[in-house]
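The values are calculated or read from the model by the stated rules, or taken from the named source; none is laboratory data. None of the values given here were measured: they were computed from a predicted structure. When we count neighbours, we look across all protein chains shown, and the Cβ atoms used for this are built from the backbone with ideal geometry, even at glycine. Note: accessible area is taken over every heavy atom of the protein model, side chains too, but ligands, DNA and RNA are not part of it. Shrake-Rupley method; radii C 1.70, N 1.55, O 1.52, S 1.80 Å.
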Amino acid sequence: MKEWNEECAVVGIYNAHNASVLSYYSLFSMQHRGQEASGISASNGQKISTYKNNGLVTKVFNKTILEKLQGKSSIGHNRYSTAGEDSINDSQPIFAKYGLGEIALAHNGNFTNAKEIRESLIQEGAIFQSHLDTENLIHLIAKSHRNHLVDRIKDALTKIRGAYALVFLSRTKMFVVRDQYGLRPLSLGKIKNPDGSTGYIVASESCAFDLIGADYIRDVLPGEMLVFEGAYTNNDVVPQSMQIFPPTPNPCIFEYVYFARPDSKVFGKNVYEIRKQMGVELAKEHKIQADMVIPVPDSGVAAALGYSRESGIPFELGIIRNHYVGRTFIEPTQSMRELKVKLKLNPIAELISGKDIIVIDDSIVRGTTSKQIIKILKQAGAKKIHLFISSPPTISPCFYGVDTPDKSDLICANHSLEEVRDFIGADSLFFLSLEGLKKSINSEENKRFCQACFDGHYIEELTGRKD
Ligand code: SF4
(Lines give C-alpha, C1' and ligand atoms only; values in the text may rest on other atoms or scores of the structure.)
Protein backbone atom coordinates (compact mmCIF):
# COMPACT_ATOMS: atom_id res chain seq x y z
CA MET A 1 0.00 0.00 0.00
CA LYS A 2 1.31 3.39 -0.94
CA GLU A 3 3.26 4.97 1.89
CA TRP A 4 6.61 5.06 0.12
CA ASN A 5 6.55 7.45 -2.75
CA GLU A 6 7.85 6.93 -6.24
CA GLU A 7 10.82 8.69 -7.58
CA CYS A 8 10.10 10.29 -10.96
CA ALA A 9 10.08 9.00 -14.50
CA VAL A 10 12.19 10.06 -17.44
CA VAL A 11 11.78 9.46 -21.15
CA GLY A 12 13.82 10.34 -24.22
CA ILE A 13 12.68 9.93 -27.84
CA TYR A 14 15.08 10.33 -30.76
CA ASN A 15 14.49 10.32 -34.50
CA ALA A 16 10.74 9.79 -34.39
CA HIS A 17 7.88 11.68 -35.95
CA ASN A 18 5.90 13.60 -33.35
CA ALA A 19 8.54 12.92 -30.72
CA SER A 20 6.74 15.07 -28.15
CA VAL A 21 3.51 13.08 -28.61
CA LEU A 22 5.43 9.86 -28.01
CA SER A 23 6.98 11.42 -24.90
CA TYR A 24 3.48 12.39 -23.76
CA TYR A 25 2.16 8.82 -24.05
CA SER A 26 5.28 7.46 -22.41
CA LEU A 27 4.89 9.83 -19.47
CA PHE A 28 1.22 8.88 -19.25
CA SER A 29 2.19 5.20 -18.91
CA MET A 30 4.65 6.10 -16.15
CA GLN A 31 2.30 8.37 -14.22
CA HIS A 32 2.59 6.07 -11.17
CA ARG A 33 6.20 7.24 -10.68
CA GLY A 34 5.29 10.88 -10.12
CA GLN A 35 2.12 12.93 -10.08
CA GLU A 36 3.22 16.39 -8.95
CA ALA A 37 4.33 17.84 -12.28
CA SER A 38 5.11 16.89 -15.82
CA GLY A 39 7.19 18.41 -18.60
CA ILE A 40 8.43 17.85 -22.14
CA SER A 41 11.24 19.50 -24.12
CA ALA A 42 11.38 18.97 -27.89
CA SER A 43 13.88 19.98 -30.53
CA ASN A 44 13.31 20.55 -34.25
CA GLY A 45 17.05 20.73 -34.90
CA GLN A 46 17.06 24.55 -34.65
CA LYS A 47 15.72 25.23 -31.21
CA ILE A 48 14.45 23.51 -28.08
CA SER A 49 10.93 24.25 -26.84
CA THR A 50 9.84 23.30 -23.33
CA TYR A 51 6.51 23.12 -21.57
CA LYS A 52 5.96 22.00 -17.98
CA ASN A 53 3.37 22.49 -15.31
CA ASN A 54 2.05 21.05 -12.07
CA GLY A 55 -0.40 18.16 -12.25
CA LEU A 56 -0.99 14.88 -14.02
CA VAL A 57 0.21 14.36 -17.59
CA THR A 58 -3.30 14.56 -19.06
CA LYS A 59 -3.94 17.81 -17.18
CA VAL A 60 -0.63 19.45 -18.11
CA PHE A 61 -0.71 18.76 -21.87
CA ASN A 62 -3.27 19.16 -24.61
CA LYS A 63 -3.19 19.05 -28.40
CA THR A 64 -2.37 22.74 -28.78
CA ILE A 65 0.58 22.54 -26.38
CA LEU A 66 1.95 19.38 -27.98
CA GLU A 67 1.70 20.95 -31.45
CA LYS A 68 4.04 23.68 -30.26
CA LEU A 69 6.60 21.08 -29.14
CA GLN A 70 7.79 20.28 -32.65
CA GLY A 71 10.64 18.06 -33.75
CA LYS A 72 12.10 14.59 -34.06
CA SER A 73 13.65 14.50 -30.60
CA SER A 74 12.21 15.12 -27.18
CA ILE A 75 12.69 14.33 -23.51
CA GLY A 76 10.14 14.26 -20.71
CA HIS A 77 9.78 13.98 -16.96
CA ASN A 78 7.15 13.12 -14.36
CA ARG A 79 8.00 14.57 -11.02
CA TYR A 80 7.58 13.32 -7.51
CA SER A 81 9.32 15.84 -5.30
CA THR A 82 12.39 14.03 -3.98
CA ALA A 83 14.59 17.12 -4.12
CA GLY A 84 13.40 20.66 -4.49
CA GLU A 85 9.98 22.08 -3.80
CA ASP A 86 6.63 22.12 -5.49
CA SER A 87 6.93 25.17 -7.76
CA ILE A 88 6.99 24.96 -11.55
CA ASN A 89 10.66 26.01 -11.40
CA ASP A 90 11.30 22.75 -9.59
CA SER A 91 9.72 20.66 -12.29
CA GLN A 92 11.66 19.22 -15.21
CA PRO A 93 13.05 19.17 -17.89
CA ILE A 94 15.39 22.02 -16.97
CA PHE A 95 16.22 24.19 -19.97
CA ALA A 96 19.21 26.51 -20.33
CA LYS A 97 21.25 28.42 -22.88
CA TYR A 98 25.00 28.10 -22.41
CA GLY A 99 28.27 28.57 -24.32
CA LEU A 100 27.63 25.77 -26.83
CA GLY A 101 23.94 26.44 -27.44
CA GLU A 102 20.79 25.09 -25.81
CA ILE A 103 20.32 22.16 -23.50
CA ALA A 104 17.42 20.47 -21.69
CA LEU A 105 17.84 17.87 -18.98
CA ALA A 106 15.60 15.41 -17.12
CA HIS A 107 16.78 13.43 -14.10
CA ASN A 108 15.48 10.55 -12.03
CA GLY A 109 17.47 10.06 -8.85
CA ASN A 110 19.25 12.13 -6.25
CA PHE A 111 22.71 13.71 -6.13
CA THR A 112 24.03 12.96 -2.66
CA ASN A 113 26.70 15.71 -2.76
CA ALA A 114 24.31 18.32 -4.19
CA LYS A 115 24.58 20.69 -1.21
CA GLU A 116 28.38 21.00 -1.34
CA ILE A 117 28.37 21.51 -5.11
CA ARG A 118 25.65 24.13 -4.98
CA GLU A 119 27.47 26.03 -2.21
CA SER A 120 30.70 26.10 -4.14
CA LEU A 121 28.92 27.17 -7.35
CA ILE A 122 27.20 30.00 -5.46
CA GLN A 123 30.59 31.06 -4.04
CA GLU A 124 31.78 31.33 -7.62
CA GLY A 125 28.83 33.55 -8.54
CA ALA A 126 26.29 31.09 -9.94
CA ILE A 127 22.61 32.04 -9.73
CA PHE A 128 20.03 29.28 -9.29
CA GLN A 129 16.42 29.33 -10.44
CA SER A 130 15.23 26.18 -8.68
CA HIS A 131 15.80 24.06 -5.61
CA LEU A 132 16.69 21.08 -7.77
CA ASP A 133 19.95 19.20 -7.31
CA THR A 134 19.72 18.61 -11.07
CA GLU A 135 20.38 22.30 -11.76
CA ASN A 136 23.95 21.82 -10.45
CA LEU A 137 24.65 19.70 -13.47
CA ILE A 138 23.62 22.45 -15.90
CA HIS A 139 26.05 24.85 -14.17
CA LEU A 140 28.87 22.32 -14.20
CA ILE A 141 28.31 21.71 -17.93
CA ALA A 142 28.20 25.45 -18.65
CA LYS A 143 31.44 26.00 -16.69
CA SER A 144 33.39 23.22 -18.39
CA HIS A 145 36.00 24.39 -20.92
CA ARG A 146 35.66 21.34 -23.18
CA ASN A 147 34.66 21.98 -26.80
CA HIS A 148 31.98 19.32 -27.15
CA LEU A 149 28.87 18.76 -25.10
CA VAL A 150 29.61 15.06 -24.70
CA ASP A 151 32.91 15.90 -22.98
CA ARG A 152 31.31 18.59 -20.86
CA ILE A 153 28.68 16.12 -19.63
CA LYS A 154 31.40 13.61 -18.77
CA ASP A 155 33.42 16.34 -17.02
CA ALA A 156 30.42 17.47 -15.00
CA LEU A 157 29.47 13.94 -13.97
CA THR A 158 32.91 13.27 -12.49
CA LYS A 159 31.99 15.86 -9.84
CA ILE A 160 28.56 14.38 -9.09
CA ARG A 161 27.90 11.57 -6.64
CA GLY A 162 24.56 9.84 -6.32
CA ALA A 163 21.88 8.02 -8.21
CA TYR A 164 20.87 9.12 -11.67
CA ALA A 165 19.16 8.16 -14.86
CA LEU A 166 19.67 11.23 -17.04
CA VAL A 167 18.45 12.30 -20.46
CA PHE A 168 19.93 15.41 -22.10
CA LEU A 169 18.64 17.06 -25.24
CA SER A 170 20.69 19.43 -27.37
CA ARG A 171 19.36 20.98 -30.56
CA THR A 172 20.49 18.02 -32.66
CA LYS A 173 21.50 15.21 -30.29
CA MET A 174 20.33 13.26 -27.28
CA PHE A 175 22.58 11.94 -24.51
CA VAL A 176 21.58 9.34 -21.95
CA VAL A 177 23.52 8.34 -18.83
CA ARG A 178 22.95 5.92 -15.97
CA ASP A 179 25.04 6.10 -12.80
CA GLN A 180 27.70 3.46 -12.28
CA TYR A 181 25.63 1.65 -9.62
CA GLY A 182 22.59 1.46 -11.89
CA LEU A 183 20.43 2.41 -8.93
CA ARG A 184 17.60 3.84 -10.99
CA PRO A 185 16.21 1.89 -13.95
CA LEU A 186 16.54 2.99 -17.57
CA SER A 187 15.75 0.88 -20.62
CA LEU A 188 16.43 1.32 -24.33
CA GLY A 189 13.92 0.52 -27.04
CA LYS A 190 13.45 0.83 -30.77
CA ILE A 191 10.66 2.64 -32.64
CA LYS A 192 9.65 1.72 -36.16
CA ASN A 193 8.70 4.94 -37.95
CA PRO A 194 5.97 4.94 -40.64
CA ASP A 195 8.62 5.68 -43.32
CA GLY A 196 10.62 2.59 -42.32
CA SER A 197 13.37 4.49 -40.50
CA THR A 198 14.35 3.61 -36.94
CA GLY A 199 13.82 5.79 -33.91
CA TYR A 200 14.80 5.18 -30.29
CA ILE A 201 13.28 5.52 -26.88
CA VAL A 202 14.81 5.41 -23.42
CA ALA A 203 12.47 5.27 -20.45
CA SER A 204 12.46 4.49 -16.74
CA GLU A 205 10.12 1.57 -17.38
CA SER A 206 9.42 -0.59 -20.40
CA CYS A 207 5.63 -0.15 -20.00
CA ALA A 208 6.26 3.11 -21.92
CA PHE A 209 7.51 1.06 -24.88
CA ASP A 210 4.38 -1.09 -24.97
CA LEU A 211 2.06 1.89 -25.20
CA ILE A 212 3.80 3.44 -28.19
CA GLY A 213 4.59 0.14 -29.93
CA ALA A 214 8.36 0.28 -29.32
CA ASP A 215 10.46 -2.86 -28.87
CA TYR A 216 12.61 -3.38 -25.80
CA ILE A 217 16.29 -3.76 -26.73
CA ARG A 218 18.13 -3.78 -23.41
CA ASP A 219 18.81 -1.78 -20.27
CA VAL A 220 21.17 1.19 -20.40
CA LEU A 221 24.12 -0.25 -18.49
CA PRO A 222 25.37 1.11 -15.18
CA GLY A 223 28.02 3.76 -15.96
CA GLU A 224 27.10 3.82 -19.65
CA MET A 225 26.49 6.85 -21.82
CA LEU A 226 24.50 6.58 -25.06
CA VAL A 227 24.81 9.31 -27.67
CA PHE A 228 22.15 9.65 -30.35
CA GLU A 229 22.81 11.76 -33.43
CA GLY A 230 21.88 11.91 -37.07
CA ALA A 231 18.18 12.76 -36.87
CA TYR A 232 18.73 16.19 -38.43
CA THR A 233 21.33 15.18 -41.03
CA ASN A 234 19.34 12.31 -42.51
CA ASN A 235 22.02 9.85 -41.44
CA ASP A 236 21.13 6.49 -39.96
CA VAL A 237 20.79 6.81 -36.24
CA VAL A 238 22.81 4.24 -34.35
CA PRO A 239 23.22 4.88 -30.63
CA GLN A 240 26.87 5.22 -29.73
CA SER A 241 27.74 3.53 -26.46
CA MET A 242 30.56 4.58 -24.11
CA GLN A 243 31.33 3.13 -20.71
CA ILE A 244 32.15 6.39 -18.93
CA PHE A 245 32.37 4.96 -15.40
CA PRO A 246 33.35 1.44 -14.32
CA PRO A 247 30.11 -0.43 -13.64
CA THR A 248 29.44 -1.57 -10.07
CA PRO A 249 25.79 -2.63 -10.34
CA ASN A 250 23.60 -2.21 -7.26
CA PRO A 251 20.11 -1.72 -8.73
CA CYS A 252 17.28 -0.71 -6.40
CA ILE A 253 15.56 -3.86 -5.15
CA PHE A 254 12.49 -1.84 -4.14
CA GLU A 255 11.59 -1.39 -7.81
CA TYR A 256 10.51 -5.04 -7.74
CA VAL A 257 8.70 -4.69 -4.43
CA TYR A 258 6.61 -1.65 -5.17
CA PHE A 259 7.68 1.13 -7.56
CA ALA A 260 7.55 -0.41 -10.99
CA ARG A 261 4.40 -1.36 -12.86
CA PRO A 262 3.92 -5.13 -12.92
CA ASP A 263 3.80 -5.12 -16.72
CA SER A 264 7.25 -3.51 -16.92
CA LYS A 265 10.56 -5.19 -17.46
CA VAL A 266 12.93 -3.64 -14.93
CA PHE A 267 16.65 -4.48 -14.73
CA GLY A 268 15.90 -7.00 -17.46
CA LYS A 269 13.15 -8.91 -15.62
CA ASN A 270 9.35 -8.82 -15.63
CA VAL A 271 8.05 -7.32 -12.41
CA TYR A 272 4.78 -9.29 -12.20
CA GLU A 273 6.53 -12.66 -12.30
CA ILE A 274 8.89 -11.60 -9.53
CA ARG A 275 6.08 -10.29 -7.33
CA LYS A 276 4.16 -13.55 -7.76
CA GLN A 277 7.26 -15.48 -6.79
CA MET A 278 7.59 -13.31 -3.66
CA GLY A 279 4.19 -14.69 -2.63
CA VAL A 280 5.39 -18.23 -3.32
CA GLU A 281 8.48 -17.68 -1.14
CA LEU A 282 6.32 -16.09 1.57
CA ALA A 283 4.12 -19.21 1.62
CA LYS A 284 7.21 -21.42 1.87
CA GLU A 285 8.56 -19.39 4.78
CA HIS A 286 5.31 -18.96 6.73
CA LYS A 287 2.60 -21.61 6.66
CA ILE A 288 -0.67 -21.08 8.54
CA GLN A 289 -4.30 -22.20 8.24
CA ALA A 290 -6.88 -19.68 6.94
CA ASP A 291 -10.09 -19.54 4.92
CA MET A 292 -8.82 -17.28 2.15
CA VAL A 293 -5.97 -15.12 0.87
CA ILE A 294 -6.86 -11.49 0.11
CA PRO A 295 -4.58 -8.91 -1.54
CA VAL A 296 -4.46 -5.26 -0.65
CA PRO A 297 -5.25 -3.90 -4.12
CA ASP A 298 -3.30 -3.30 -6.24
CA SER A 299 0.01 -3.61 -4.44
CA GLY A 300 -0.52 -7.10 -3.01
CA VAL A 301 -2.31 -8.82 -5.91
CA ALA A 302 0.57 -10.65 -7.60
CA ALA A 303 2.11 -11.84 -4.30
CA ALA A 304 -1.31 -13.00 -3.04
CA LEU A 305 -1.76 -15.09 -6.20
CA GLY A 306 1.64 -16.65 -5.60
CA TYR A 307 0.86 -17.29 -1.95
CA SER A 308 -2.50 -18.86 -2.80
CA ARG A 309 -0.98 -21.10 -5.45
CA GLU A 310 1.80 -22.33 -3.18
CA SER A 311 -0.34 -22.77 -0.05
CA GLY A 312 -3.54 -24.06 -1.68
CA ILE A 313 -5.59 -21.49 0.27
CA PRO A 314 -8.24 -19.89 -2.02
CA PHE A 315 -7.57 -16.44 -3.44
CA GLU A 316 -10.40 -13.89 -3.13
CA LEU A 317 -10.71 -10.22 -4.01
CA GLY A 318 -11.97 -9.31 -0.55
CA ILE A 319 -11.12 -5.62 -0.79
CA ILE A 320 -12.28 -3.50 -3.72
CA ARG A 321 -10.36 -0.45 -4.77
CA ASN A 322 -11.93 2.74 -6.03
CA HIS A 323 -9.65 3.65 -8.94
CA TYR A 324 -11.06 7.12 -9.37
CA VAL A 325 -9.56 8.73 -6.29
CA GLY A 326 -7.08 11.42 -7.29
CA ARG A 327 -3.56 11.04 -6.01
CA THR A 328 -2.60 14.65 -5.57
CA PHE A 329 -5.48 16.55 -4.07
CA ILE A 330 -5.00 15.23 -0.57
CA GLU A 331 -2.17 16.63 1.48
CA PRO A 332 -0.11 13.82 3.00
CA THR A 333 -0.86 14.70 6.61
CA GLN A 334 -1.52 11.96 9.14
CA SER A 335 -5.28 12.44 9.34
CA MET A 336 -5.69 12.76 5.58
CA ARG A 337 -3.71 9.59 4.98
CA GLU A 338 -6.26 7.71 7.08
CA LEU A 339 -9.13 9.25 5.12
CA LYS A 340 -7.39 8.34 1.91
CA VAL A 341 -7.47 4.63 2.82
CA LYS A 342 -11.23 4.78 3.42
CA LEU A 343 -11.78 6.63 0.16
CA LYS A 344 -9.83 4.04 -1.77
CA LEU A 345 -10.57 0.65 -0.26
CA ASN A 346 -13.82 -1.10 0.62
CA PRO A 347 -14.02 -4.69 1.93
CA ILE A 348 -16.74 -7.11 0.81
CA ALA A 349 -18.37 -7.89 4.16
CA GLU A 350 -20.44 -10.81 2.80
CA LEU A 351 -17.22 -12.55 1.78
CA ILE A 352 -15.01 -12.02 4.81
CA SER A 353 -17.46 -11.90 7.71
CA GLY A 354 -16.66 -14.61 10.25
CA LYS A 355 -13.60 -15.82 8.30
CA ASP A 356 -9.91 -16.23 9.08
CA ILE A 357 -8.16 -14.25 6.38
CA ILE A 358 -4.60 -13.82 5.17
CA VAL A 359 -4.12 -10.29 3.88
CA ILE A 360 -1.12 -9.69 1.63
CA ASP A 361 0.57 -6.35 1.03
CA ASP A 362 3.96 -5.38 -0.34
CA SER A 363 5.44 -3.34 2.50
CA ILE A 364 4.91 -1.56 5.81
CA VAL A 365 6.40 1.91 6.12
CA ARG A 366 4.74 4.03 8.82
CA GLY A 367 2.19 1.38 9.67
CA THR A 368 -0.75 3.78 9.56
CA THR A 369 -2.10 2.44 6.26
CA SER A 370 -1.91 -1.18 7.44
CA LYS A 371 -3.64 -0.21 10.66
CA GLN A 372 -6.49 1.38 8.71
CA ILE A 373 -6.85 -1.65 6.47
CA ILE A 374 -7.01 -4.00 9.45
CA LYS A 375 -9.58 -1.69 11.01
CA ILE A 376 -11.92 -1.70 8.01
CA LEU A 377 -11.59 -5.49 7.68
CA LYS A 378 -12.49 -5.95 11.35
CA GLN A 379 -15.44 -3.60 10.93
CA ALA A 380 -16.54 -5.80 8.01
CA GLY A 381 -16.63 -8.80 10.36
CA ALA A 382 -13.35 -10.69 9.71
CA LYS A 383 -12.74 -13.17 12.55
CA LYS A 384 -8.94 -13.27 12.35
CA ILE A 385 -6.58 -11.21 10.21
CA HIS A 386 -3.07 -12.41 9.44
CA LEU A 387 -1.05 -9.74 7.67
CA PHE A 388 1.67 -11.07 5.36
CA ILE A 389 4.17 -8.67 3.82
CA SER A 390 5.94 -9.73 0.64
CA SER A 391 9.16 -7.88 1.51
CA PRO A 392 11.35 -7.53 4.63
CA PRO A 393 10.70 -4.80 7.25
CA THR A 394 11.72 -1.35 5.94
CA ILE A 395 14.16 -0.03 8.50
CA SER A 396 16.15 2.72 6.74
CA PRO A 397 15.33 5.69 4.53
CA CYS A 398 16.47 6.02 0.93
CA PHE A 399 18.97 8.69 -0.14
CA TYR A 400 19.03 7.68 -3.77
CA GLY A 401 16.04 9.44 -5.23
CA VAL A 402 13.04 7.93 -3.44
CA ASP A 403 10.88 10.08 -1.21
CA THR A 404 10.88 8.21 2.09
CA PRO A 405 10.00 9.21 5.63
CA ASP A 406 12.75 9.85 8.20
CA LYS A 407 14.03 6.83 10.04
CA SER A 408 12.10 7.98 13.13
CA ASP A 409 8.85 7.48 11.16
CA LEU A 410 9.63 3.99 9.91
CA ILE A 411 7.70 1.79 12.30
CA CYS A 412 9.86 -1.30 11.80
CA ALA A 413 13.04 0.69 12.48
CA ASN A 414 11.84 1.65 15.91
CA HIS A 415 9.66 -1.20 17.15
CA SER A 416 9.81 -4.95 17.59
CA LEU A 417 7.73 -7.22 15.37
CA GLU A 418 5.33 -7.77 18.27
CA GLU A 419 4.95 -4.02 18.86
CA VAL A 420 4.26 -3.45 15.16
CA ARG A 421 1.67 -6.24 15.14
CA ASP A 422 0.07 -4.75 18.20
CA PHE A 423 -0.01 -1.24 16.68
CA ILE A 424 -1.62 -2.30 13.42
CA GLY A 425 -4.07 -4.59 15.23
CA ALA A 426 -3.46 -7.81 13.23
CA ASP A 427 -3.75 -11.25 14.85
CA SER A 428 -0.39 -12.17 13.36
CA LEU A 429 2.22 -10.51 11.17
CA PHE A 430 4.83 -12.08 8.89
CA PHE A 431 7.46 -10.64 6.54
CA LEU A 432 9.33 -12.20 3.65
CA SER A 433 13.04 -12.56 4.48
CA LEU A 434 15.68 -10.72 2.46
CA GLU A 435 16.94 -14.10 1.26
CA GLY A 436 13.40 -14.98 0.16
CA LEU A 437 13.12 -11.68 -1.72
CA LYS A 438 16.40 -12.25 -3.56
CA LYS A 439 15.44 -15.84 -4.30
CA SER A 440 12.27 -14.52 -5.94
CA ILE A 441 14.33 -12.32 -8.25
CA ASN A 442 16.81 -15.11 -9.04
CA SER A 443 18.86 -12.84 -11.27
CA GLU A 444 21.99 -14.01 -13.02
CA GLU A 445 22.85 -10.54 -14.29
CA ASN A 446 22.33 -8.72 -11.02
CA LYS A 447 23.92 -10.58 -8.17
CA ARG A 448 23.98 -7.46 -6.01
CA PHE A 449 21.19 -5.02 -5.28
CA CYS A 450 20.84 -1.87 -3.26
CA GLN A 451 18.75 -3.13 -0.37
CA ALA A 452 19.67 -0.37 2.09
CA CYS A 453 16.07 0.32 3.11
CA PHE A 454 15.91 -3.30 4.33
CA ASP A 455 19.38 -3.75 5.83
CA GLY A 456 20.72 -0.20 6.38
CA HIS A 457 23.90 -0.90 4.38
CA TYR A 458 24.37 2.04 2.06
CA ILE A 459 26.80 2.21 -0.83
CA GLU A 460 29.92 3.56 0.89
CA GLU A 461 31.18 5.73 -1.95
CA LEU A 462 27.96 7.72 -2.00
CA THR A 463 28.00 10.39 0.65
CA GLY A 464 25.03 12.31 1.95
CA ARG A 465 23.67 9.86 4.51
CA LYS A 466 21.26 11.45 6.93
CA ASP A 467 21.21 8.76 9.64
S1 SF4 B 1 17.57 2.46 -0.29
FE2 SF4 B 1 15.83 1.16 -0.89
S3 SF4 B 1 14.52 2.46 -2.17
FE4 SF4 B 1 16.55 3.45 -2.05
S5 SF4 B 1 17.68 2.74 -3.82
FE6 SF4 B 1 18.20 1.37 -2.14
S7 SF4 B 1 16.70 -0.31 -2.28
FE8 SF4 B 1 15.94 1.37 -3.53
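The calculated pair-distance distribution of segment 9-249 uses every alpha carbon pair, bins of 5 angstrom beginning at 0, and gives 1, 7, 15, 21, 22, 18, 11, 4, 1, 0, 0 percent.
Annotation for Tyr98 and Lys439: the two label points, set 7 Å from Cα along the Cα-Cβ direction, are 4.9 nm apart.
Our coupling estimate for segment 374-386, obtained by passing each phi through the Karplus curve with A = 6.51, B = -1.76, C = 1.60 and θ = phi - 60°, is 4, 4, 5, 6, 5, 4, 7, x, 4, 7, 9, 10, 10 Hz, Gly and Pro reported as x. Loop-located trypsin sites (Lys or Arg not before Pro) in segment 37-70 (DSSP state other than H, G, I, E, B) with a sparse environment of at most 16 neighbouring Cβ atoms within 10 Å: Lys47.
Within the accessible area of the chain, the carbon and sulfur atoms contribute 49%, probe 1.4 Å, all protein chains present.
Return the calculated 222 nm mean residue ellipticity for the chain, to the nearest 500 deg cm²/dmol, obtained by summing -39500 (n - 2.57) across DSSP H runs with n ≥ 4 and dividing by the residue count.
Values: 16 runs with 134 residues, N = 467.
About -8000 deg cm²/dmol.
How big is the Cα convex hull of segment 137-242 in projection, averaged over all directions, in nm²? Mind dumping the intermediate values first?
On the way: hull surface 28.3 nm².
One quarter of the hull surface, i.e. the mean projection, equals 7.1 nm².
What the phi angles of segment 114-121 give under the Karplus curve with 6.51, -1.76 and 1.60, with θ = phi - 60°, is a coupling list of 4, 5, 4, 5, 4, 4, 6, 5 Hz, glycine and proline written as x. A 1.4 Å probe run over the protein chains yields, for the chain, 41 Å² of accessible area per residue, whole-number rounding.
For segment 94-155, dividing the convex hull volume of the Cα atoms by the residue count gives 91 Å³ per residue.
Computed from Cα atoms, the angle from the helix 301-311 axis to the main principal axis of the chain rounds to 40 degrees. The amide H of Ser206, built 1.01 Å from its N in the peptide plane, has Lys265 as neighbours under 5 Å, considering only residues 5 or more places off or on other chains. Sequence-ordered 3J(HN,Hα) estimates for segment 228-234 from the Karplus curve with 6.51, -1.76 and 1.60 and θ = phi - 60° stand at 10, 8, x, 5, 10, 10, 6 Hz, glycine and proline given as x. Less than 5 angstrom separates the built amide H of Ile253 from those of Cys450, all sequence-distant by 5 or more or on a different chain.
Quick check for me: using +1 on Lys/Arg Cβ and -1 on Asp/Glu Cβ, what's the dipole size of the chain about its Cα centre, in debye to the nearest 20? Kindly include the intermediate steps, with their values, before the conclusion.
Numbers: 54 positive and 54 negative charges, 146 e Å.
It comes to approximately 700 debye.
For the chain, the alpha-carbon radius of gyration amounts to 1.00 times the rule-of-thumb value 2.2 N^0.38 Å expected for a compact globular protein. Residue ranges 282-288, 391-397 sort as 391-397, 282-288 when ordered by packing (mean number of other C-beta atoms within 10 Å per residue, highest first).
From largest to smallest, what semi-axes in whole angstrom does segment 274-442 give when each is the square root of 5 times an eigenvalue of its alpha carbon gyration tensor?
On the way: eigenvalues 102, 88, 46 Å².
After diagonalising the Cα gyration tensor, the semi-axes are 23, 21, 15 Å.
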